[in-house]
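Okay, so here's the structure we're looking at.
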Amino acid sequence: MFPAAFIQQMQTLLGSDCDTFLSALQEDSRTSIRLNKAKPARLNYNLSRPALWCDGGFYLEKRPLFTLDPFIHGGAYYVQEASSMFLAHVVKQLRKKSDLKTALDLCAAPGGKSTLLADNLPENTLLVANEVIHSRANILCENISKWGSPGVVVTNNDPKDFASLPNFFDLIAVDAPCSGEGMFRKDEKTCDEWSEANVQLCAERQRRILADVWDSLKVGGYLVYSTCTFNSKENEENVWWMQQELGAQSIKIAIPLKWGIATSEEINLSENLRGAYGYRFFPHKVKGEGLFISVLQKTAGDSFPSRSESKNKHTIKYADNQDVEVWLRDADRLIFSQKGDEIFAVKAEHAAFISKVENSLRVMQCGVQAATLKGKDAIPTASLALSTQLNREAFTQQDVDLKDALLFLKKEAFASQSQSRGFELICYENTSLGFVKNLGNRCNNLYPQEWRIRMRINER
Ligand code: SAM
């Protein structure tokens, strides 16, 4: 049962629609996936029900056991709630207005919106995917690696740390931690933990996050603010606050009526919130969970140079390793750098931006994590196998069936199918999963320990 204060709040917002809304909020939630455009695969799902606002977004009939599908581990698709995919439509519109060279996903873990941004931003955009909680930042790295886009840097910073990158980003997405009313039917705990006091705390934290990152947005740049909650305190009131306190301008996004997405103008808000536009996904109108999204533009402010720019310190430590270079496509357009024992490859056009990011933030992963050095030897990483920048021709490919693909993903002992020696790329139906080192009579499974499937498969 929903808390009485929540029902009252929704009655105020929705009036006579509230009962229909509340019954929809008790229905089972829908499962949806978003395909990776760069990794076409023959998925075993019925993909006849598209999420209308996102190319490659589909509803599934029921929730399969995703863990046992090698394609998900190969980054061929991402399980993402359909409403969240609306960000693709927003980005499509912003691309028409602005040259989006640098983008930040500030609250990025586990990586749903970052992988969507990586697919929908212009190809040469540098995307910084940030997560403040370290354990969640590790999961973000894993999901970014599996998606395989080369133009992403993962950082692990508090929003206030972005003060050292003023006027840096053309686009900032703030998918803020919130009271999660839109997730009540997906996660009962969110409903049990809900209180008006917590809504207030969330709204205040969101304002702090927004204020902390605002200077990092370029003048003329866009901030996309989203939550998965329904109350107006965390939504339109925060948009209104950004207009008043930060000088942000609320921007309208064109949406076809048939999508069923409501605008803030269609709900009962106090008069003073009228100019704070947002888009709302209600479960009685749209197949998806509750989402609020609003686009704001920074129309004024100081265009002062970035402090790290004035230091002019180039932190990328270049690595010269010809073995590794042949493992990547278009290596002449990449810059190889070393951090500890890891060799990363970044797009040459991103190097200057990345230097500034490295001067200011805690970078966990940068472009393609291509190899780990062990003494003089370079060992190809799973991230390389999963990267769209992989040069497949540099490796012998071992095609495995479902049973062996799952054994590989469980990081179990792996029999050699050939007598050859060296690193081999393990592929399931042409989707690459990772590397083994073939020793002739057996293979060393190089799949990362922390990514392995932990489930006991024959216990199903
Ligand atoms: N954008 C993600 C996606 O699509 O997969 C979901 C993000 S989730 C709604 C909000 C994220 O904000 C969480 O990963 C959480 O750890 C992070 N977070 C929590 N407190 C924060 C804070 N004070 N500042 C910034 N991020 C915070």
Practice item. Please give the FRET efficiency for Ser420 paired with Leu47, using the beta carbon to beta carbon distance and R0 = 35 Å, rounded to the nearest 0.05. Key: 0.40
Study note, to complete from the structure: Computed, not fitted: 222 nm per-residue ellipticity of the chain from DSSP H runs ≥ 4 (each -39500 (n - 2.57)), nearest 500, equal to -7000 deg cm²/dmol
Point to revise | Estimated FRET transfer efficiency (Asp399, Leu439; beta-carbon r; R0 22 Å; 0.05) | key: 0.70
**Study point:** Pairwise label distance in nanometres, Glu188 with Arg208, each label 7 Å out on the Cα-Cβ vector
**Key:** 3.2 nm
Check your understanding: Distance in nm between label sites at Glu61 and Gln322, each 7 Å beyond Cα in the beta-carbon direction?
Key -> 5.6 nm
Check your understanding: Can you pull the Kirkwood radius for the chain, inverse mean 1/r over Cα pairs, to one decimal in Å?
Key -> 23.3 Å
Revision key, fill the gap. Taking a ≥ b ≥ c as the square roots of the Cα gyration tensor eigenvalues, with a/c under 1.5 meaning rounded and otherwise prolate when a/b beats b/c or oblate if not, region 106-176 comes out oblate
Practice item. Taking every pair of alpha-carbon atoms in region 131-276, give the share separated by more than 28 Å as a whole percent. Key: 27 percent
Practice item. Whenever you get a sec, compute what percent of the accessible area on region 78-123 sits on carbon and sulfur atoms (1.4 Å probe). Key: 45 percent
Point to revise | Average accessible area per residue (Å²) across region 402-460 - probe 1.4 Å, nucleic acids and ligands excluded | key: 56 Å²
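Accessible area per residue, 1.4 Å probe, Å², for region 233-296: what's the number?
40 Å²
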**Study point:** Fraction of accessible area attributable to carbon and sulfur, region 370-460 (%, probe 1.4 Å)
**Key:** 44 percent
Exercise for review: Report the far tail of the P(r) of region 191-288, meaning the percent of Cα-Cα pairs longer than 23 Å.
Suggested key: 29 percent
Study note, to complete from the structure: antiparallel share of DSSP beta bridges within the chain, to nearest 5, in %, is 70 percent
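Using alpha-carbon pairs under 8 Å, 6+ residues apart, how would you state the relative contact order of region 38-101 in percent?
32 percent
The values are calculated or read from the model by the stated rules, or taken from the named source; none is laboratory data. If you're wondering where the values come from, they're calculated on a predicted model, not measured in any experiment. Here Cβ is always computed from backbone atoms with ideal geometry, including for glycine, and neighbour counts include all displayed protein chains. Protein only, heavy atoms only, side chains kept; ligands, DNA and RNA dropped before computing areas. Shrake-Rupley method; radii C 1.70, N 1.55, O 1.52, S 1.80 Å.
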